[in-house]
Amino acid sequence: MISRNWSRKSIAFAVAIAVLSVYSMVALAKPGQQKNSGELSVSGQVSVNGTSAISGATVFSDSVIATAANSSAVVSLGKLGRVELLPNTTVRLSFGNGNISASLDSGRLQIATLAGTAAIVTTKDGAAVADASQAANFMVDVECGDMRVNSQAGLVDLRAGSKIVHIAAGTTETAGTPQPGTRCTRLAAPAMHGLHGGALAALLLAAGGAIAAAILAGRSSNNDLNFGGAVTVVSPTR
């Protein structure tokens, strides 16, 4: 009889401990205390916090992600959006609670957000800020030492010191001074700086006019050939 009572008490005690453990785990697993995470897709050599990473790996908020040459990575953040790292890029990425924050050390970073998500990319020269009121898509490029922000969609600002510039979709704004290096491909390509809209059209029109004038001059000279003196015709029968 006594052994049965002890057995029942032991079982009841074990059940109580198990229930207490479950409640403790539920309390520790509150959503507000869980660390935000995203899913990684890679091409080539990519590292997260100094460790080589593969596609399908989990990326937690406040991670440092780096891509090697000819490599890229995409971090899918669900309802927040996605972040793409192009080759030779290093960034510290944080996200959660309707925000994406990136500290870009080198390379190029493309961010696409859904409506309701704000995004900010900081560099040594300033910050690119996307408003949460609508979806946004923009790239930040520090490959050449300066900061270039290209907006494809949304409300994106470039903030550098006390200066705030609104970047219209399809346009680019810059901050800082370019410093061409071994990884800088942007400045290696020839570009016609300062030629926009009407100026470029005028240049092309002038070039076309010059070509047309040269063609007409050539035709005119061929039609007006003037041989001095008499022309002697040699008969083939001679």
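Remarks
- Protection proxy ranking of 69-75, 141-147, by the mean of other Cβ atoms within 10 Å over each peptide's residues and highest first, is 141-147, 69-75.
- Residue-wise HN-Hα coupling along the range 57-63, computed from phi with Karplus coefficients 6.51, -1.76, 1.60 (Hz; x: Gly, Pro): 6, 8, 10, 8, 4, 6, 9
- Cross-link reach is defined here as a Cα-Cα straight distance under 14 Å, omitting same-chain residues fewer than 8 places apart; for LYS35 the aspartates and glutamates meeting it are ASP62.
- Across the range 160-177, computed HN-Hα scalar couplings (Karplus, 6.51 cos²θ - 1.76 cosθ + 1.60, θ = phi - 60°) run 10, x, 8, 9, 10, 10, 7, 9, 6, 4, x, 10, 10, 10, 10, 8, x, 10 Hz from first to last residue, x flagging Gly and Pro.
- Average projection, convex hull of the Cα set of the range 59-162: 6.0 square nanometres.
- With all protein chains kept in place, the per residue accessible area of the range 60-161 amounts to 37 square angstrom at a probe of 1.4 angstrom.
- Near the amide H of ALA53, within less than 5 Å, lie the amide hydrogens of VAL46, SER47, VAL48, all on another chain or at least 5 residues away, with H placed in the peptide plane.
- Taking amide H as placed 1.01 Å from N in the peptide plane, the amide H of LEU155 sits under 5 Å from that of ASP131, GLN134, each at least 5 places away or on another chain.
- Database remark: amide H of ASP146 closer than 5 angstrom to the amide H of GLN179 (H placed geometrically; neighbours at sequence offset of 5 or more, or on other chains; Pro and chain starts carry no H).
- Under the Karplus curve 6.51 cos²θ - 1.76 cosθ + 1.60, θ = phi - 60°, whole-Hz ³J(HN,Hα) for the range 38-51, x wherever Gly or Pro sits: x, 9, 9, 10, 10, 9, x, 9, 9, 10, 10, 6, x, 10
The values are calculated or read from the model by the stated rules, or taken from the named source; none is laboratory data. Because the structure is predicted, anything quoted here is derived from the model rather than measured. Heads up, the Cβs are rebuilt from the backbone with ideal geometry, glycines too, and the neighbour counts pull from every protein chain shown. Ligands, DNA and RNA are excluded from the accessible area calculation, which covers all protein heavy atoms including side chains. Shrake-Rupley method; radii C 1.70, N 1.55, O 1.52, S 1.80 Å.
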